[in-house]
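Accompanying notes for the structure given below.
A short reminder: the numbers here are calculations on the coordinates, not readings from a lab. Note that the structure is a prediction, hence the values are computed from the model and not measured. Virtual Cβ from ideal backbone geometry, glycine too; neighbours counted across all protein chains shown.
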Amino acid sequence: MKASIATRIGAVLCPARTTKRTRSLMTHYPSSTRPVPIYDPSITKDSDALWAKLLAEYPGGLVPVQVEPDPNVTGWLTITYDMTRRVMESPEFTRDSRHWGALKAGRIPDDSPTLANCRHRPNALLNDGELHLRYRNSLVNALEANARGDQGRALNQIGLVADRIIDTFCAAGEAELISQYAFHLPTLALCRLVGLNVSEGVQVCTQMARFWEGGPEAAKANEELMNLMAAVVRTRRQKPGGDVASLMIEDGLTDEEVLNQTALLFGSSHAPITHLVGNTLARLLSEFSTERAGLFLQIPETINTILWEDPPYLCVPARWTTDHIELGGYRLPPGELLVVGFGPAHYELLTNSDVDPRTSQVHLGWGAGRHRCPSAGRDLGLALAEVGVARLLRRLPDIKLGEGLDPDQLPRRLSTDVSGLSRLPVSFTPTAPIDKGDPWNLADLSGLTPAASATTPQPKRLGILTRLLRSILPGD
Ligand code: HEM
C-alpha cells in the first residue's frame, strides 16, 4: 500500500534527478526541476510517504515548492527538524511579508490565498522588531492578566462550555463531532477571552457557520462578524472590564490595533484547536474502540502524540529571507518565501531518533523563536483539548466511530496548511442534557462536507477577521 502511493506521488512530483553535488549551492533550481506542487492537497493523502520521498530527494532539508496553482507563487519548504527550527528561530528570516520579492515585483495576484493569510497587518504575528514586541507584550500581558483575574475566566469555563455544547446533541444518539463540537468549543472559549457573553458567542458561531456556507450570505456574515468585534472594542474603550480587549486598550493600543490583535487570537488558534480536538478524539476512539480501561489516563499523552505525528499546522508559508543566504544547498536571494514544514520536520525527527512522541516536548507544534505561541495560548490550547476530549468521553461513555467507518480512512480536509478531519461521525446511547435551561441554539455546520464547500463559491475579498479565520473548515 505504502509503496504504491509513493510511486504515484513520484509520478506526480517528478523532481529532476539532480545529484546532491550538482544541486549544491545553485542560485536557483534548474529550469528542468519542477517545484513540488504543495498547493495540491491530494499530494498529502499519504503524507508520510511524501515526506520520506522528499527527504531522500532533498537531503539538504529544503525543497523548491509551488504554493498556489499560479506558477508565480513559489517558495522553499523546510523538511528536516533542524532546518525548520532554524528558519523559525533565526533573525536571518522575517515574518513580515513586505520583504517578499515576488510581491514587491507585482507577481503575486491581489486575490492570492497565500497573500490573504500573510498580508501585512498591525498585529504581533505579522511584524518583527519593535512593533512585534509592542504588540506581543501587550497581548501576552493581557492574556496573562485575564487568566489571573476571575480565576482564569476562559480556562475555568471550558468544562461548562463543553457540557452545554454536548447538551445540544447528546439526546440524538449520533453526532458529527467536527462541526457539532470541535468547531464550537474554541469559538466560545475565545469569545469569553474577549469578554463576549454566551449569546454573543453563539452569534459569532452562527456568523462563522454562515460565512463558511459561502454564497451571498457569506459576505453579510463577514460584515456582521467585523461589526461585532469592532463594537466590542468600542464598548470596552468606554466601559473597560477584565477581558483581553480592555486590557490592551488600557495598555495604550489604538482601536485598530486592538481589533487586529483580537482577530489574531481567533485566526491563529481556532483552526489548530478544532483539529487538535478532532484528531485526538479520532485517535482515542480508534485505539480504544472496545477496551475503555485507562482511556482517560491516555488523553494528555495522546494529545502530545498528535502534536508530533498529526500536527494541526502542516506546512505554513511563514518566513522570508532578508539577505543573500546559503541554505540547504541553495544560494537564496533576499525576499524568498519559506514554507515552515511542521509535518515533515516531525516525521524526520521521529524517523531518525528515539524521541518518544507521547512525552517529548521538543516538537515544533507551538512554533519556535520570537513568534513562538505565547505560554498563555499554549495553556489555553492544551486545556481546551484535554478538557474538551475528557468531558465528551465522560458524558458519552460508549461513544464509538460511526457505523462502517474505517479508522485508517477517516475523511480528511483537503489542505496542506491546516491538517485535520473534515468529518468525525460517531454514535452513542442517547442521554438527557444536564442543563435544565434552554439548549444553546448553535449553528449546525454539518452540511459542510468537503464536496459541498468545494462547490460553493467563496467571497473573494474577505475582511480582516474572516481572512484570519479562513482554513477552519474543509475545502478552502
Ligand atoms: C492547538 C492550539 C495552538 C497551536 C497548535 C498554536 C500554534 C502556534 C504556532 C505554531 C505559532 C507560531 C507561528 C509562527 O511562528 O509563524 C503560534 C503563534 C501564536 N499563537 Fe498559537 N497556537 C495554538 C493556540 C493558541 C491560543 C489558544 C492562543 C491565544 C489565546 C494563541 C495565540 C498565538 C499568538 C498571539 C501567536 C503569535 C505570537 C507572535 O507572533 O509573537 N495560540 N501559535
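Our estimate of slack between K436 and E287, defined as 0.36 nm per intervening residue step minus the Cα-Cα distance, is 50.2 nm. The peptide list 45-52, 72-79, put in order of mean Cβ contacts within 10 Å with the highest first, becomes 72-79, 45-52. In terms of other Cβ atoms within 10 Å, K436, K400 run from fewest to most in the order K436, K400. Exposure proxy ranking for I325, I178, I108, based on other Cβ atoms within 10 angstrom of each Cβ and starting from the fewest, stands as I325, I108, I178. With neighbour counts taken as other beta-carbon atoms within 10 Å, the residues C118, C315 rank, fewest first, as C118, C315.
Amide H contacts of L327: L332, each under 5 Å away and 5 or more positions distant or on a separate chain (H built 1.01 Å from N in the peptide plane; Pro and chain starts excluded). Residues whose amide H falls under 5 Å from that of R412, counting only those 5 or more places apart or on a different chain, are S422, with hydrogens built in the peptide plane.
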